[in-house]
1. May I ask you to list the residues in region 8-62 that are part of a strand (DSSP E or B) and in contact with a Pro (Cβ under 8 Å, 6 or more places away or on another chain)?
2. On the given criteria, is Ala71 aliphatic (A, V, I, L, M) and over 14 Å from the mean Cα position of the chain (by Cα)?
3. With the checklist (1) under 17 Å from the mean Cα position of the chain (by Cα); (2) loosely packed, with under 14 Cβ neighbours inside 10 Å; (3) in contact (Cβ under 8 Å) with a residue 24 or more places away in the chain; (4) not in a loop (DSSP other than H, G, I, E, B) in hand, flag the one item Val83 doesn't pass.
4. Out of the residues in region 6-62 meeting the condition of being among the β-branched types (Val, Ile, Thr) and farther than 20 Å from Ala76 by Cβ, tell me which one is nearest to the chain's Cα centre (by Cα).
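All of the numbers you see were taken from the coordinates with simple rules; none came from a lab. The structure presented is a predicted model; accordingly, all values stated were derived computationally and were not measured. Note that each Cβ is placed from the backbone with ideal geometry, even for glycine, and that neighbours are counted across all protein chains shown.
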Amino acid sequence: MVAFVLGPRGAIKHASEAGRALLARDPKAVAAALRSVICGRGPPSWRVTQLSWPGVRAHHLAVLSPEPATAATRLAEAAHRFVLTSRQTQVLALLLRGHANKTIAVTLRCAENTVEYHVSQLLRRTGTDCRAALVALVWGGSP
């Protein structure tokens with residue numbers, strides 16, 4: 001289990017063995033994720049609990065959820081990671097279900113050209129070059 005105990009200002013006070021391994025791989029990304037998590041803006045795969053003791057300033061316990069990712073979780077993580085707009089997130093949700101641009105346009109009540117624009121923006125933001133690569137990125141989580 002990946003877990004961190006964070007001090008009042010977000011400094012890592014303790015980490016589980018898996019947390020230390022994750023921290024060793026990418027300390028900047030882990031620190032940034034933990035800061036987001038404490039502020040309530042982190043990805044939904046993190047669970048945060050405030051720890052408090054009389055006379056001690058609040059600490060936090062941040063745990064990376066070991067649950068298998070659902071489509072909704074992956075979608076929310078992708079929206080957070082790539083800073084997607086709500087409309088881009090809606091388009092991505094339908095892409096993940098395998099819908100064509102025309103079906104997406106009908107579902108979202110917009111022009112097919114608008115869907116094409118959103119798909120292009122999704123590809124640009126994620127650094128992918130086709131829809132299949134985008135779907136694989138969201139499900140596989142690789143950069």
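1. Narrowing region 8-62 to residues part of a strand (DSSP E or B): 12-15, 46-53, 56-62.
Listed by number, the residues that qualify are Arg57, Ala58, His59.
2. Details: aliphatic (A, V, I, L, M): yes; over 14 Å from the mean Cα position of the chain (by Cα): no.
Answer is no for this residue.
3. Unmet for Val83, out of (1) under 17 Å from the mean Cα position of the chain (by Cα); (2) loosely packed, with under 14 Cβ neighbours inside 10 Å; (3) in contact (Cβ under 8 Å) with a residue 24 or more places away in the chain; (4) not in a loop (DSSP other than H, G, I, E, B): (4).
4. Across region 6-62, the extreme among qualifying residues is Ile12.
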